[in-house]
Amino acid sequence: MRKFRLLGMTFDEIQQVVLSLGMPKFTAKQISSWLYDKKVDSIDEMTNLSLKFRDLLKEEYEVGASAPVEAMRSTDGTVKYLFQVSDTDFVEAVYIPDEDRATLCVSSQVGCKMNCKFCMTGKQGFSANLTANQILNQIYSIPEGDTLTNIVFMGMGEPFDNLDELLKVLEILTSDYSYKWSPKRITVSSVGLRKGLQRFIEESDCHLAISLHSPFSAQRKELMPAEKAFSITEIVDVLKNYDFSKQRRLSFEYIVFKGVNDGLIYAKELVKLLRGLDCRVNLIRFHAIPGVDLEGADMDTMLAFRDYLTSHGVFSTIRASRGEDIFAACGMLSTAKKQE
Ligand code: SF4
């Protein structure tokens, strides 16, 4: 019989487990401490539980941590980890060290339904939502897990399409009973789904990054079919109801494609679209992917784009490109693995 996994359970869920097994209520605190403070790999290591309770717990439960099956190291220090989540499916997490920061980019789904034109994961189609266990395991089971300073949900999948599991993981990462991370260290990136956006903003304090890529609806639809269901202007209208001027950061991701969305007309339209919002725009260099007729803009064009935005009141940065030699673009390694 397949055992249930403790890793990825919230405190309330752990409490339900102990009560259902007839264990004292206080053991929930002990178990969560073994999982999330001491990060043990097995129930046997939970030595302040009596042998009887450990045996009882082991009948149906396990910690449920699993090491990555592959790691690819870039010359710039970036490491791409591959996790096996079913007989045929793999997901990626990318560790990105950068001076005093160490960021992990995690996945929320196997494949993705959003089918963005520029994305290798989108080409895989959708296979499954990751469970809270499988999402958290990406953080738990890499060697650098304890040294991370930031987590970004920008790997495979659309996080708002798996919102319940995402919110569970965010609770575990930010609660006093577990990781105690500040929500300011976590950013969730989304195309902006109608159903998930409002709930995420209201139920979490983590930073939000919206994938924008074009301020023009017709073009955004071509690049990102999700625009058809919930347009960028509707997204911006929802965002204007919330206050992002304090601790919580709102950013927009903008991949700059050569000859597609890199002219000043796009920058001008972005300024118009984002007027009145406390936000920043992250310009991203495009990693070419096989079979897609898009190229990255050159650096001079990106600098001019950034300077236009910043000088017109929209703070903008260019994100450094990392790990190009190890297929760091999302979905490339897992696609290769699936095809082996
Ligand atoms: S860019 Fe993100 S939302 Fe779009 S297909 Fe890829 S994983 Fe899905």
Top-ranked residue in region 123-134 [being within 21 Å of D164 (Cα to Cα) and touching a residue at least 60 places away in the same chain (Cβ under 8 Å); ranked as nearest to the ligand (Cβ to nearest atom)]: Q134
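Residues checked against (1) surrounded by fewer than 22 Cβ atoms within 10 Å (Cβ to Cβ); (2) charged (D, E, K, R); (3) under 17 Å from M114 (Cβ atoms):
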{"position": "S190", "(1), (2), (3)": "no, no, yes"}
{"position": "S204", "(1), (2), (3)": "yes, no, no"}
{"position": "L208", "(1), (2), (3)": "no, no, yes"}
{"position": "P215", "(1), (2), (3)": "no, no, no"}
{"position": "K221", "(1), (2), (3)": "yes, yes, yes"}
{"position": "I232", "(1), (2), (3)": "no, no, yes"}
From the options I201, I142, residue that is of a type in the set (A, V, I, L, M, F, W, C), at pLDDT 95 or above and assigned to a helix (DSSP H, G or I): I201
Subset of region 299-326 (residues that are more than 27 Å from the chain's Cα centre (by Cα) and not hydrophobic (A, V, I, L, M, F, W, C)): D300, T301, D307, Y308, S311, H312, G313
Tally, over region 223-259, of residues that are in a strand (DSSP E or B) and either within 16 Å of the ligand (Cβ to nearest atom) or under 21 Å from D300 (Cα atoms) (or both): 7
Number of the condition not met by G276 [criteria: (1) modelled with pLDDT of 95 or more; (2) over 22 Å from the mean Cα position of the chain (by Cα)]: (1)
Subset of region 260-274 [surrounded by 14 or more Cβ atoms within 10 Å (Cβ to Cβ), more than 15 Å from G296 (Cα to Cα) and charged (D, E, K, R)]: K268, E269
Condition check for D237: within 30 Å of T174 (Cα to Cα) and either among the charged types (D, E, K, R) or at pLDDT 95 or above (or both): yes
Filtered residues of region 151-191 (kept if near the ligand (Cβ under 10 Å from one of its atoms) and over 11 Å from the mean Cα position of the chain (by Cα)): D161, V191
Condition met for C112 (within 22 Å of R248 (Cβ to Cβ), touching a Gly at 6+ places or on another chain (Cβ under 6 Å) and of a type outside the set (D, E)): no
Members of region 89-122 that are within 12 Å of the ligand (Cβ to nearest atom), out of contact with any Asp or Glu (no Cβ under 7 Å at 6 or more places or on another chain) and in a strand (DSSP E or B): V91, E92, C105, G111
Any hit, region 209-216, residues being in a loop (DSSP other than H, G, I, E, B), among the aromatic types (F, W, Y) and in contact with a Ser or Thr (Cβ under 7 Å, 6 or more places away or on another chain): no
Single residue of region 291-310 satisfying the filter (part of a loop (DSSP other than H, G, I, E, B) and touching a strand residue (DSSP E or B) at 6+ places or on another chain (Cβ under 6 Å)) that is nearest to M120 (Cα to Cα): L294
Residue within region 261-268 that is within 23 Å of the chain's Cα centre (by Cα) and either within 16 Å of the ligand (Cβ to nearest atom) or free of Cβ contacts under 8 Å to residues at least 12 places away in the same chain (or both) present: no
Scan of region 202-247 for residues that are among the β-branched types (V, I, T) and touching a strand residue (DSSP E or B) at 6+ places or on another chain (Cβ under 7 Å), ordered by number: I210, I235
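The values are calculated or read from the model by the stated rules, or taken from the named source; none is laboratory data. Being a predicted model, the structure only gives us computed values, none of them experimental. Because the Cβ atoms are built from the backbone with ideal geometry, glycine has one as well, and the counts that use them run over all protein chains shown.
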